[in-house]
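Below: the structure, in structure tokens.
The values are calculated or read from the model by the stated rules, or taken from the named source; none is laboratory data. Here the structure is a predicted model, which is why all the values come from computation and not from measurement. Because the Cβ atoms are built from the backbone with ideal geometry, glycine has one as well, and the counts that use them run over all protein chains shown.
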Amino acid sequence: MTSIHDPDGTRLPIKLDSTSNGEYEPIPLDFGADLANRMAHEAAGENARRTGRTRRDFLVSSCGAASTLLAFNAANAAVGRTGGLFALADEAAVDEAAADAVLKGDEFILDVQGHFVNPTGAWLDHVPDDARPLSGMPAAGCALGEGPEARSYLKCLGPDAFVKDVFMDSDTDVMVLSFVPSTRQGEPLTIEEAAAAREIVDGLKGTHRLLLHGRVNPNQQGDVNDMQRLRDDFGIQAWKTYTQWGPDGQGFFLTDEDTGIPFMDEARRLDVPVIAIHKGIPFGQRSYEHSLCTDVGPAARKYPDLSFLIYHSGFVPGQPEGPYDPERDEGIDSLVKTVVENDLGGGNVYAELGSTWRFLMRDPDSAAHALGKMLKYIGEDNILWGTDSIWYGSPQDQIQAFRAFQISDELQQKHGYPALTPRVKRKILGLNALKPYRLEADVLEHHLGEDAVETARAEYRHIADPHYRTFGPKTRREFINLMKWTGGEAA
């Protein structure tokens, strides 16, 4: 079968590039990551010839992913990054069984941070008529976009494409559809539109495949009062908030008496006890203090019946991660510190990996330290899988890279980091999220085991045609352009 996407095999199945999720300015690849891509492309050509496949056919196989990760290992070793590695046998680059043994798992995968920007939503009413928002996204050049209307290209970015990326081209079982910070009038995805996206998945009788957040910024008039409507009308299962965002550019603390406290009180009253909080990835100096995790520990102690899901784990892209330093109080150390000081390890604070793991895939040393200190101080039961896709395209490459990743023995011994065993990875990839989201594993197994989504995915895998693209901004110009269409703040 001829591939519609990338028939010449010019894209790698594991994506290292400068793409951001729109919340931070894209950071170019350094020499090591650039070398990793070059070596992976060279290995793909050589291994395709060795196996008698076309380059594209090789790259969409598990050997293609294994070959890419092995090339990343070689490049990282060449620049002295040996704190973590993708643990694959050399023969996995050409032996399907050896590649499958590591990269094809059967874990339950619950991605607690997914995004979908509705390309035909009400937010377009606030965009100038001659503007072409989101036209820079690579998918905007698909065949559907060749109509006569000025914004026909937006059809390429719709819910069907979302379903393909998440449920067909990746092993994701359940995704939580989250929100970006915005004014109430300028939301790129409203709760009504998110519910419509959920209905598309439910139409395949995947009754638990897509869960919804309700966006609440308590420093914006009307948001707290609207929480009951979100629960009653849309069945949301968690609240998403951005402590460093505000309609006037000023954030808030969870412990503020006029914002954070009423918000948490209402979450408790409505019996939706899960609060997903963006921390790290600062939005600017004016609200930098609100991106730190200093307020998380006191809030979690005051509200032990609520679960606090710390999105991005406090991570700051571009700042290397090392062993825990209580004097640093930035990045992941900010989250670790508030957990340690408030004796919350294994408690009601969870570290989420969306965008964090994707960025750390560039640098196995930082990845090893980040995951190691989360495991050591926050606990193996309190790390949640998230990918921030669709900004990064299909999340399958993040899944495969995580399945293969290991913390080096040297760092484990030196810093007391636990090993990333298959049991621990299963917890992180999905099982840990069952508790805060109050989902029963047997219920999910009943609904997901042989539902229409699973059937469709099995049929699709025989003719799989992943595009291996990312959707978020890759340059400063694209980043600024995206902010323009999402309310003037980060997306």
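Per the listing Y417, Y392, the residue uniquely part of a loop (DSSP other than H, G, I, E, B), at pLDDT 95 or above and either crowded, with 19+ Cβ neighbours inside 10 Å or within 17 Å of the chain's Cα centre (by Cα) (or both) is Y417. Filter the range 224-254 down to the residues that are assigned to a loop (DSSP other than H, G, I, E, B), out of contact with any Ser or Thr (no Cβ under 9 Å at 6 or more places or on another chain) and not aliphatic (A, V, I, L, M), then identify the one that is farthest from V176 (Cα to Cα). Selected residue: D248.
V117: closer than 30 Å to V274 by Cα and either loosely packed, with under 15 Cβ neighbours inside 10 Å or at pLDDT 75 or above (or both), yes or no? Here the answer is no, as V117 does not meet what is asked. When Q228, Q237 are checked against the criterion of being at pLDDT 95 or above and farther than 24 Å from P298 by Cβ, a single residue qualifies: Q228.
If I ask for residues that are assigned to a loop (DSSP other than H, G, I, E, B), of a type outside the set (S, T, N, Q), crowded, with 17+ Cβ neighbours inside 10 Å and at pLDDT 95 or above, which ones from the range 281-305 would you list? Within the range 281-305, L292, C293, D295, Y303 meet the criteria. In the range 371-413, the qualifying residues are those that are in contact (Cβ under 8 Å) with a residue 40 or more places away in the chain and charged (D, E, K, R), and the one that is farthest from L434 (Cα to Cα) is E410.
All of (1) in contact (Cβ under 8 Å) with a residue 24 or more places away in the chain; (2) under 24 Å from S366 (Cα atoms) hold for S61 with one exception: (2).
The criterion of at least 2 residues that are of a type in the set (K, R) is met by the following helices (runs of 4 or more DSSP H) wholly inside the range 54-108: 55-59. Scanning the range 206-258 for residues being without any contact (Cβ under 8 Å) to a residue 24 or more places away in the chain and of a type in the set (G, A, S) gives a total of 1.
Can L12 be described as over 23 Å from the mean Cα position of the chain (by Cα), buried (at least 20 other Cβ atoms within 10 Å of the Cβ) and touching a residue at least 60 places away in the same chain (Cβ under 8 Å)? Against the criterion (over 23 Å from the mean Cα position of the chain (by Cα), buried (at least 20 other Cβ atoms within 10 Å of the Cβ) and touching a residue at least 60 places away in the same chain (Cβ under 8 Å)), L12 does not qualify.
Within the range 420-443, the set of residues being over 17 Å from the mean Cα position of the chain (by Cα), surrounded by 17 or more Cβ atoms within 10 Å (Cβ to Cβ) and modelled with pLDDT of 95 or more comprises L420, V424, P436. Of the residues making up the range 444-472, those that are at pLDDT below 85, charged (D, E, K, R) and touching a Gly at 6+ places or on another chain (Cβ under 7 Å) number 1. Scanning the range 28-53 for residues that are surrounded by 14 or more Cβ atoms within 10 Å (Cβ to Cβ), in a loop (DSSP other than H, G, I, E, B) and within 28 Å of the chain's Cα centre (by Cα) yields one hit, L29. Number of residues in the range 265-295 that are in contact with a Phe, Trp or Tyr (Cβ under 8 Å, 6 or more places away or on another chain), touching a residue at least 40 places away in the same chain (Cβ under 8 Å) and more than 18 Å from G246 (Cβ to Cβ): the value is 3.
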